[in-house]
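Okay, structure first, notes after.
Coordinate-derived values only; no laboratory data. Remember, it's a predicted structure, so these values are computed and weren't measured experimentally. Methodologically, a virtual Cβ is constructed for each residue, glycine included, from the backbone with ideal geometry; neighbour enumeration extends over all protein chains shown.
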Amino acid sequence: MSSLSVNHLLGIKNLTREDIELIFETATNFKEVINRPMKKVPSLRDITIANLFFENSTRTKLSFELAEKRLSADIINFSSASSSVKKGETLIDTVNNILSMKVDMVVMRHPNPGAHYFLSQHIDASIINAGDGTHEHPTQALLDAFSMREKLGDLQGKKVVIVGDIMHSRVALSNILCLQKLGAEVMVCGPTTLIPKYIESLGVKVEHNLKKALIWCDVANILRIQLERQDIAYFPSLREYTMMYGVTMEILNSLKKEIIIMHPGPINRGVEISSEVADSKQSIILQQVENGVAIRMAVLYLLAGKIERNS
Amino acid sequence: MKIRISKATIVDERHPDNGKKRDILIENGKITKIAASIKTEVDKVIESEGLCVSIGWMDMRANFRDPGDEQKEDLESGLKAAANGGFTAVALMPSTNPPIDNKGAVEYLLNRAKSGKVQVVPIGTISKKRAGESLAEMYDMYRAGAKAFSDDKESISESGLLHRALLYTKNFDATVIHFPYDATLIPNGQINEGVQSTLLGLKGIPAIAEEMMVARDLTLLEYTNGRLHLGPVSSAMSIKRIASAKKDGLRITCETTAAHIAYSENELENFDTNFKVLPPLRSEQNRKELIKLLKSGKIDVISSDHSPEDEEHKKLEFDYANFGMASIESFFPVLYTAVGSSMDLAKLVATFSINPRRILDLEIPEIKEGVRANLTLFSISEKTVFEKMNLKTKGYNVAEIGKELNGKVLAIFS
């Protein structure tokens, strides 16, 4: 059986197209498994996984936990809204303390970009990035691309626009990298103050007019406005943001074609997306959530296969 | 003790024998003879492939963390590291804890370094406590031996303070050293704003944060007609503006670091905190432009900006790690590997031997018979492999450990 080219999932940047295809293939199998009456498989029995969340999370944490349980792994959970550094203990010490309890894999969310790279150089366990600050969120990008592929088939030449706060979004960067590896064209759309100046150097298009962006695309992935990650005000009010970038049924109906609507959640109804759009038949938001579990099972399973067992 | 330096190429643009191979005889620390060939019996011969000799090098910007953070570096380890890097003089930035902002602090540095091989040149602060509010007693420090004044990496945001500093130092004709950086443009910036900041999700510091400050500083300089040295600068555009102001007759000089000549933002690809420096490493294109500007003589000084840190301040998540590299020992090989033989060697060496001394009004040594030897011996053919055990710095943050670079420092005389 083929295996991944990496020992950690630090970001989409480090994956090859073959890695992504392998994850999708594995996820397809697991998706079938979790739709059976007996949803659990023994694949990760005797593998211990620590879920370390140094930043708030509801859905990603639940999704990982469920994926681990479906694979019969033993799990421990650690959540702390503030980084351990502020409490005087370094990240390496915190994680090494947990690893001393014989943990094989670490799923971590952390507010600092690159925290997983840093950790992978200093500890001895397989690391999965569940979001690192404004850097990457690889499993989200994988499940997004997987969901698009279910709807559209091969993504070669397909057009995807990511709408919203691109500057503070880890989902946007991972999505751009993942979609490009699969041959899709990517555009970002949002207010000028929330688009990084050098984003075009990644080979993406930039559009500040929502309607033009939606006319161009096959899929619109709409991001949440992350007020908690903005240290200063980048736009005057949410009301104005909605006026310019809120996706409504009215705009969608004016497009003369049907595009797919996605959102990584949690959605702010009436802000970046109207309720009508979120609940419409064009929206695959809930399929994304279901696919999230299958994708995470695939990633955990494939990385666990690379762990050298002493026995 | 008699030492013969054998077949060394003289590297000094002022010297009549610049570029020629000479034997140099040193007796009890004095240069007694320079000739094409010296046959005298000696105690020791220094020879090497690609051997070069220049006047002793001077590092215009180093931090020895003493007083205050001696676990990162102290004067003793810092001076040994400087000697290991080929320097016979080093200007110390005042950003210690407490800062060098009074006569007593200047005297502390000079007294502690008195007997060593490496000359310490204290830089005093511009403002009291380096707080950017009111002027420190610069004249008192000047009389005690401080050669220039700087608040180091605390860029002076209050224009009035820099205005007063440029005026006040005219009374005793001293130089103000300023780091041009508007930190308010992008709060909490981590690396250069560019491709890498976009790919890494780290806060980017745009080059204009420096360029805008350079423009302000030049305006103030023209108005006051003071003496200003800007550094470290990282953007090619800044240096072009400074060069043009110099052409217009302003008393302005500028400095960049060996790291900015040798490395670009691409080094940060894997979040290596050793390359987290301020000003940040810029784009590869900018780096190439810096080399061009260096070759055309528009960069007066290249310094190490040696900033040793302990493990506790570097082995951290990127956002939490301190800025700076421990770079005084790798200085020449890093620079020479980047620039190499594409540039006139005497011109290159002048940026870290003659030029800093000229800016700081220090006596400039000469390679001639009858004077005390103040020399650096180095090879441009040999290579240096950096290993922790051979380094004298206490700094944890040496980026070149395990690397092999061109050029090697062989010895200093002072």
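Think of each Lys and Arg Cβ as +1 and each Asp and Glu Cβ as -1; about the Cα centre, that makes the dipole of chain B roughly 1420 debye. Remark: spin-label model distance B:SER115-B:LYS288 equals 5.3 nm, labels positioned 7 Å along the Cα→Cβ axis. For B:THR40, neighbours were defined as the other residues whose beta-carbon sits under 13 Å from its Cβ, and their charges (Lys and Arg +1, Asp and Glu -1) total +1. Listing B:ILE401, A:ILE98, A:ILE222 from fewest to most neighbouring C-beta atoms within 10 Å gives B:ILE401, A:ILE98, A:ILE222.
For the protein assembly as shown, the share of DSSP beta bridges that are antiparallel, to the nearest 5, is 30%.
Taking a span of 18 Å or more along the helix axis (Cα atoms) and a mean Kyte-Doolittle hydropathy of at least 0.0 as the rule, the DSSP H helices of chain A that qualify are A:285-304.
Between their Cα atoms, which of B:LYS2/B:LYS39; B:LYS2/B:LYS388; A:LYS205/B:LYS276 are more than 21 Å away from each other? Correct reply: B:LYS2/B:LYS388; A:LYS205/B:LYS276. Ordered by the count of other Cβ atoms within 10 Å of each Cβ, fewest first, B:THR198, A:THR248, B:THR184 give B:THR184, A:THR248, B:THR198. In this structure, the pairs whose alpha-carbon distance is over 23 Å, taken from A:LYS151/A:LYS256; B:LYS117/B:LYS153; B:LYS21/B:LYS368, are B:LYS117/B:LYS153.
Both the radius of gyration and Dmax for region B:161-311 are 15.7, 50 Å, in that order, over alpha-carbon atoms.
Each listed q (0.11, 0.15 Å⁻¹) maps to a log10 I(q)/I(0) for chain A from the Debye sum over equal C-alpha point scatterers, namely -0.67, -1.21.
The modelled label-to-label distance for the pair A:VAL271/B:VAL385, using points 7 Å beyond Cα in the direction of Cβ, is 5.7 nm. Helices assigned as whole DSSP H runs in chain B whose Cα atoms extend at least 20 Å along their own long axis and whose mean Kyte-Doolittle hydropathy is 0.0 or higher are found at B:208-224. Looking at region A:15-46, the trypsin sites (Lys or Arg not before Pro) that sit in a DSSP loop and have at most 13 other Cβ atoms within 10 Å of their own Cβ are A:LYS39, A:LYS40, A:ARG45.
The loop-placed trypsin sites (Lys or Arg not before Pro) in region A:213-259, going by DSSP, that have at most 12 neighbouring Cβ atoms within 10 Å of their Cβ come out as A:LYS256, A:LYS257. Bridge orientation summary for region B:56-359: considering DSSP beta bridges with both residues in this region, about 5 percent are antiparallel. With a simple spin-label model that places each label point 7 Å from the Cα along the Cα-to-Cβ direction, the separation between B:LYS170 and A:LEU152 comes to 6.6 nm. Working note: 222 nm ellipticity from helices only, DSSP H runs with n ≥ 4, each -39,500 (n - 2.57), summed and divided by the residues of chain B, gives -8000 deg cm²/dmol to the nearest 500. Summary value for region B:153-244: 34 percent relative contact order, contacts being C-alpha pairs under 8 angstrom separated by 6+ residues.
Taking B:THR337, B:THR169, B:THR40 in turn, the Gaussian network model of chain B (Cα-Cα springs below 10 Å) assigns the largest fluctuation to B:THR40. Overall form of region A:180-302: rounded. Here a/c, set by the Cα gyration tensor axes a ≥ b ≥ c, is under 1.5.
Normalising by residue count, chain B has a Cα convex hull of 129 Å³ per residue. Here are some pairs, B:LYS7/B:LYS298; A:LYS61/B:LYS72; B:LYS80/B:LYS170; B:LYS295/B:LYS403; B:LYS7/B:LYS295; B:LYS170/B:LYS246; which of them have Cα atoms lying more than 29 Å apart in this structure? Checking Cα-Cα distances, B:LYS7/B:LYS298; A:LYS61/B:LYS72; B:LYS80/B:LYS170 exceed 29 Å. For the protein assembly as shown, what percent of Cα pairs sit more than 42 Å apart? Everything past 42 Å amounts to 39 percent. Rounded to the nearest 500, the 222 nm mean residue ellipticity of chain A from helices alone is -11500 deg cm²/dmol, with -39,500 (n - 2.57) taken per DSSP H run of at least 4 residues. For the options B:MET389, B:MET325, B:MET60, a Gaussian network treatment of chain B with springs between C-alpha atoms closer than 10 Å singles out B:MET389 as fluctuating the most.
When the alpha carbon gyration tensor of region A:115-188 is reduced to an equivalent ellipsoid, the three semi-axes, largest first, read 25, 15, 9 Å.
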